[in-house]
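Comments concern the structure below.
Just so it is clear, none of the values below were taken in a lab; they were calculated from the coordinates. If you're wondering where the values come from, they're calculated on a predicted model, not measured in any experiment. Counting neighbours? That spans all protein chains shown, and the Cβs are built from the backbone with ideal geometry, glycine included.
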Amino acid sequence: MTAEAKQACADLLAEYAYLIDADRLEDWLDLFVEESTYQIVPRENYVRGLPLQLMLCENKNMLRDRVVSLRQANIYNIHVDRHLVSSVRYLGEESGVHSVGANYAVFQTDQDGQSRLFSVGEYIDSIVVEDGAFKFKDKLVIADTSSIPTLLATPL
Amino acid sequence: MRNEAEYVWPTSDFTRIPFGIYHDADVYEQEMHKVFRGPTWSYLCFDVEIPNPGDFKCVNIGDTPVVVNRDKDGSFHAFINRCAHRGSIVRREEFGNAKDHTCVYHQWCYSLKGDLLGVPFQRGVKGKGGMPKDFDVANHGLQTLRVENFNGVIFASFSDDAPPLEDFLDEPICKHLKRLTHKKVKVLGYQRQYIHGNWKLYTDNTRDPNHGGLLHPFQVTFGIARLTHGGGAVLDKRGCHNISMVEGDSDSEEDASKAYEDSGSGAYMTDYSLHDTSMLATQKEFGDEITLSIMSIFPNVVFQQIGNCLATRQIRCKGVDAFELYWTYYGYEDDDAEMTAHRLRQANMAGPGGLISMEDGEAVEIVHRAIKREHDKHSVAEYGGRGEIKTQDTLITEVPMRGFWAYYCQLMGIDANGAAA
């Protein structure tokens, strides 16, 4: 079971990265259960025990609203994201909740084809099984890149 | 490179701003001296960020690194973060607590007041080496700044010619600062945003309440700030600061929707709604009807109230082509857990990832890129009318922006009054 769970969590992370990079954010929402949280926190706050985040979705509806706002209301730099997720660590399972850690790097490419490192950091995830599928229950993104280049529109 | 005097200011009321002023490295160099080290006061931090004797924080004024710390008697001192010996950074950590400040390079040691306490091997060893006999530590302290604490907000000035802080801020700014700091502040955390544009494009942005009801559809659609709201912009006697204020319950959805439709703006989006509206539930906590206020204090800070989301935005210059916005979010010490959670929820609207404010990063950068080669062209600032720079009773105005430029030119020694019509 552990080997299967480990692989399923790794697959979920890969799908997560793929769907953001493919700009399929509506499908990306399906990777979260209804009672889920999603947070991006600058490392400098995390280390100092300060609660402020860069993005806080306390339930899936708030996550839906982020996606709807990006599609309809927000004006941001036109770009393509590319995630590199590595060093996936399966930390175990307790009461049906799988704990996983991973590193990420997100590169952004602008319309001139210039690519830049946008953010680097780590994921701390709680993953559960719903209707046979592994999904995020809580996803915490800790951004080492506390200083956001220009703005933060698409999720990390 | 050219002298700033060569830029043409075609109108004496600053309704035209030459684009070259945002892109000239010589102008930037002069700004660091005449504006940031001139007769002005810059925001450093809240006093509660350094609550104990010996606590320090590193900040910037313009692009100068500055340390602010609390002394044993509770008083505050600030000094340039540069060793008097060979010029290295003395305090490398962003926050900390220390009995004194010792430079790592050659261990020159300074007091919390910035005085040089001593240097190693001053007398050499066995009569050889060391400093000359007449070397006097009293002449080699850190370069100190004037510091004032206004209701828990720390400001500093490089200049003996700066007027007293309360005179510099003037009455409306003092009053609004007291409103925002009417209880003891509790810091919730920080955000940073590195924007590839000239810092003055941001001071323009926050002195232009007109853009808020156009560039940011989120706040228009959900009634946080739109141009049909009551409100306006209050200026100080110099016109260099301003408080843009919105009364969020002062229009109806029908009137707002119709006004936007009639004006041809698509910023009010009738087909856009939220699944979770908890973020929008602002509680009036200041005993007035102001639900949004953006107070720009010359030269380096904005105090923001977006509903119950309170923050300062400190401008830290990074050269002529970039600046960092350093956001400090806060609530009050007596906030209960629910109120803190509410402020954090509303923080989704602000900052580099803010549902309202992310657009400003993009707006600054697309202006900065487009005007690079247009030194002799001008921006047009005529919303709110021409002529006198004064308090506005409408949000559809750019007059506060002209107030910035009038004072900026005064500090920089630019005479715009003699320009050709």
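Just a few scattered comments:
- Number of partner chain Cβ atoms within 10 Å, mean per residue of B:213-219: 2
- Efficiency of FRET from Cβ geometry, B:ASP271 and B:LYS237, R₀ 60 Å, rounded to 0.05: 0.85
- Total charge dipole magnitude, the protein assembly as shown, about the Cα centre, Cβ charges on Lys, Arg, Asp, Glu only, Debye to nearest 20: 2540
- Cα-based shape type of the range A:2-143, given that a ≥ b ≥ c are square roots of the gyration tensor eigenvalues and the cut on a/c is 1.5: rounded
- Pairwise label distance in nanometres, B:ASP71 with B:LYS99, each label 7 Å out on the Cα-Cβ vector: 1.9
- Helix B:253-263 axis, angle to chain B major axis (alpha carbon atoms, nearest 10°): 90
- Taking 25 °C and 0.890 mPa s as conditions, the range B:166-412 diffuses translationally at an estimated 132 µm²/s according to Stokes-Einstein applied to its Kirkwood radius (Cα pairs).
- Under 14 Å from B:LYS175, Cα to Cα: aspartates and glutamates that are on another chain or at least 8 residues apart: B:GLU166, B:ASP167, B:ASP236, B:ASP288
- Greater than 26 Å apart at Cα, pairs in B:LYS72/B:LYS186; B:LYS200/B:LYS377; B:LYS113/B:LYS237: B:LYS113/B:LYS237
- Measuring between their Cα centroids, the range A:10-55 and the range B:265-312 lie 25 Å from each other.
- Taking Cβ separations below 4.7 Å as the criterion for a possible disulfide partner, the isolated cysteines in chain B are B:CYS45, B:CYS58, B:CYS109, B:CYS174, B:CYS240, B:CYS309, B:CYS317, B:CYS409.
- Per residue, the Cα convex hull of the protein assembly as shown amounts to 189 Å³.
- Evaluating 6.51 cos²θ - 1.76 cosθ + 1.60 at θ = phi - 60° for every residue in the range A:60-68, the Karplus couplings come out as 5, 4, 5, 5, 4, 5, 4, 5, 4 Hz, glycine and proline recorded as x.
- Each stretch of four or more DSSP H residues adds -39500 (n - 2.57); spread over every residue of chain B, this sum gives -6000 deg cm²/dmol at 222 nm.
- For B:PHE150, the residues 5 or more places off, or on other chains, whose built amide H falls under 5 Å of its own are B:PHE155.
- The phi torsions of the range B:180-197, fed into the Karplus equation with coefficients 6.51, -1.76 and 1.60 and a -60° offset, translate into couplings of 6, 10, 6, 9, 5, 7, 10, 7, 9, x, 10, 9, 10, 9, 9, 10, 8, x Hz, rounded to whole numbers, with Gly and Pro shown as x.
- For chain A, built as a Gaussian network whose Cα springs stay under 10 Å, the top-fluctuating residue of A:SER36, A:SER95, A:SER87: A:SER95
- Remark: the range B:219-236, residue by residue, has Karplus-estimated 3J(HN,Hα) of 6, 6, 4, 9, x, 7, 7, 9, 6, 8, 6, x, x, x, 9, 9, 10, 7 Hz, where x stands for each Gly or Pro and the curve is 6.51 cos²θ - 1.76 cosθ + 1.60 at θ = phi - 60°.
- Between B:GLU261 and B:LYS284, the modelled labels are 2.9 nm apart [label points 7 Å from Cα along Cα→Cβ].
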